[in-house]
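Visitor: Can you keep this structure in mind? I'll have questions shortly.
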Amino acid sequence: MRESVRIIETPAGQGRAHVCRPPHPRGTVILSHGAGGGLGALDLAVARDVFTSSGWAHVLIEQPWLVAGRRIAGPPRTLDAAWVPMVEAVTSGRGALPRPLIVGGRSAGARVACRTAASLAPDAGLLLSFPLHPPGKPDRMRSEELACAPVPSVVIQGERDPFGTPDEIAAHLPGGASLLTVPGAHSFPTGSQAALAVALTEAEASLGGMPLR
């Protein structure tokens, strides 16, 4: 497994792509972090382990606001403007990572992947802890973003997530998407690691049979 870090210029500043590439990758998974946390979230770590052990190239996108040391993410349009060129940078040109392409992330990163799916045309999506609404505000649904999820997609949601319970997610799940529930809330505790590994292994099996474009 070859690991590298790429600095990529975006309209929102410099971002970083943390790349793990096996000798002959069967495809590429590109994920990003949430708005309030960094790269060390448990679900992101387990996703990397599951997909790389199954032969996928894995990229973790570090948004420019986090690279710059800011504590709060920028507005959605800024996140989208950084995400698109970063994905394009690692999937095109010399040394491009191969299709099929799975995009996603946790929380705000999942929202970005949904909002930009039309322009990037990924083969599938992996959405971790999708924030369907702010905590305690079910009247402010982001169902229109979830409706734009890549097809197929797998959503992995904590059973007590205040940003959207599995039942709430299921009610707004678009066609071609499936839902897996694991113990925990919006951020998963270490006790959820085994359940996350099971869910992400199931997600890899579900998405891994996609044909090359």
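The values are calculated or read from the model by the stated rules, or taken from the named source; none is laboratory data. The structure presented is a predicted model; accordingly, all values stated were derived computationally and were not measured. We place every Cβ from the backbone using ideal geometry, glycine too, and count neighbours over all the protein chains shown.
Visitor: What's the total number of residues in the range 1-21 that are surrounded by 14 or more Cβ atoms within 10 Å (Cβ to Cβ) and at pLDDT below 95?
Guide: Residues that pass the stated criteria total 0.
Visitor: Ok, one more. Give the range 74-104 a look and list any residue that's surrounded by 24 or more Cβ atoms within 10 Å (Cβ to Cβ), closer than 20 Å to Glu9 by Cβ and either of a type outside the set (A, V, I, L, M) or at pLDDT below 95 (or both), or say none.
Guide: Within the range 74-104, Trp83 is the sole residue that qualifies.
Visitor: Continuing with this model, one more query. In the range 149-196, which residues are small (Gly, Ala, Ser) and buried (at least 20 other Cβ atoms within 10 Å of the Cβ)?
Guide: Ala149, Ser153, Gly158, Gly164, Ala177, Gly184, Ser192
Visitor: Pull up the range 46-72, narrow it to residues that are surrounded by fewer than 18 Cβ atoms within 10 Å (Cβ to Cβ) and either of a type in the set (S, T, N, Q) or in contact with a helix residue (DSSP H, G or I) (Cβ under 8 Å, 6 or more places away or on another chain) (or both), then point me to the one that is nearest to Leu127 (Cα to Cα).
Guide: Once the filter is applied, the top-ranked residue is Asp49.
Visitor: Considering the range 162-179 alone, what residues qualify as being closer than 15 Å to Pro131 by Cα and outside any loop (DSSP other than H, G, I, E, B)?
Guide: Scanning the range 162-179 gives Pro166, Asp167, Glu168, Ile169, Ala170, Ala171, Leu179.
Visitor: Right, next: Taking the range 27-45 as the search range and keeping residues that are modelled with pLDDT of 95 or more and surrounded by fewer than 19 Cβ atoms within 10 Å (Cβ to Cβ), which one is farthest from Gly95 (Cα to Cα)?
Guide: Leu42
Visitor: Right, Ser107: in contact with a strand residue (DSSP E or B) (Cβ under 9 Å, 6 or more places away or on another chain), touching a residue at least 40 places away in the same chain (Cβ under 8 Å), surrounded by 15 or more Cβ atoms within 10 Å (Cβ to Cβ) and at positive phi or not?
Guide: yes
Visitor: Moving on to the next point. For the range 181-197, give me the residue count where each residue is modelled with pLDDT of 95 or more and either under 22 Å from Pro100 (Cα atoms) or among the β-branched types (Val, Ile, Thr) (or both).
Guide: Within the range 181-197, residues that are modelled with pLDDT of 95 or more and either under 22 Å from Pro100 (Cα atoms) or among the β-branched types (Val, Ile, Thr) (or both) number 3.
Matching residues to (1) more than 18 Å from the chain's Cα centre (by Cα); (2) among the charged types (D, E, K, R); (3) under 24 Å from Ala203 (Cβ atoms):
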| site | (1), (2), (3) |
| --- | --- |
| His18 | no, no, yes |
| His24 | yes, no, yes |
| Ala45 | no, no, yes |
| Glu62 | no, yes, yes |
| Arg77 | no, yes, no |
| Ala82 | no, no, no |
| Pro100 | no, no, yes |
| Ala108 | no, no, yes |
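Rundown of residues vs (1) part of a loop (DSSP other than H, G, I, E, B); (2) in contact with a Pro (Cβ under 9 Å, 6 or more places away or on another chain); (3) at negative phi, yes/no style:
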{"residue": "Ser4", "(1), (2), (3)": "no, no, yes"}
{"residue": "Ile7", "(1), (2), (3)": "no, no, yes"}
{"residue": "Gly15", "(1), (2), (3)": "no, yes, yes"}
{"residue": "Pro23", "(1), (2), (3)": "yes, no, yes"}
{"residue": "Val29", "(1), (2), (3)": "no, no, yes"}
{"residue": "Gly36", "(1), (2), (3)": "yes, no, yes"}
{"residue": "Val50", "(1), (2), (3)": "no, no, yes"}
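Visitor: Could you list all residues from the range 52-80 that are touching a strand residue (DSSP E or B) at 6+ places or on another chain (Cβ under 8 Å), under 25 Å from Ser192 (Cβ atoms) and in a helix (DSSP H, G or I)?
Guide: If the condition is that a residue be touching a strand residue (DSSP E or B) at 6+ places or on another chain (Cβ under 8 Å), under 25 Å from Ser192 (Cβ atoms) and in a helix (DSSP H, G or I), then Thr52 is the only one that fits.
Visitor: Answer yes or no as to whether Ala45 is of a type in the set (Gly, Ala, Ser) and touching a residue at least 24 places away in the same chain (Cβ under 8 Å).
Guide: Here the answer is no, as Ala45 does not meet what is asked.
Visitor: Looking at Leu132, Leu200, which is the one that is out of contact with any strand residue (DSSP E or B) (no Cβ under 6 Å at 6 or more places or on another chain), at pLDDT 95 or above, crowded, with 18+ Cβ neighbours inside 10 Å and assigned to a helix (DSSP H, G or I)?
Guide: Step by step, each of Leu132, Leu200 is checked, and only Leu200 is out of contact with any strand residue (DSSP E or B) (no Cβ under 6 Å at 6 or more places or on another chain), at pLDDT 95 or above, crowded, with 18+ Cβ neighbours inside 10 Å and assigned to a helix (DSSP H, G or I).
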